[in-house]
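J.: Have a look at the structure that comes next, please.
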Amino acid sequence: MSLKTIKEKADRLKQNYRVILLGPGQALVIGDHDTYDVTRLSFRWSCNCPWGRHKGRWAECSHVVAVRQAQLDPRSQAPVAKLAGLLQELKRLKESA
């Protein structure tokens, strides 16, 4: 995945209210295939997605980039009703898979 593609995906995740900041160094990202935990460990960010687990030491995944963007733009946080709808949709998609 190119850096341009990672940035584009991160932009889409943030714009669609799929980043949930839980605290200063912790977030959830509702990705295209699953929900991922993003945490900051000292000065590095970590994500439990397949890219983050295997290639994260070379480049940040789109989930980490989306969290970093969301921290700079508090308005990108999902309203409670929108968040509830996203979680319901995710649950329905997992049940139908």
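The values are calculated or read from the model by the stated rules, or taken from the named source; none is laboratory data. Because the structure is predicted, anything quoted here is derived from the model rather than measured. Virtual Cβ from ideal backbone geometry, glycine too; neighbours counted across all protein chains shown.
J.: Tell me, which helices (runs of 4 or more DSSP H) wholly within the range 15-97 include 2 or more residues that are surrounded by 12 or more Cβ atoms within 10 Å (Cβ to Cβ) and modelled with pLDDT of 90 or more?
T.: Values: elements: 50-55, 62-72, 80-96.
Output list reads 62-72.
J.: Another question about this same structure. Please find, within the range 1-24, the residue that is farthest from the chain's Cα centre (by Cα) out of those that are under 14 Å from Val65 (Cβ atoms) and among the β-branched types (Val, Ile, Thr).
T.: Checking each candidate, the answer is Thr5.
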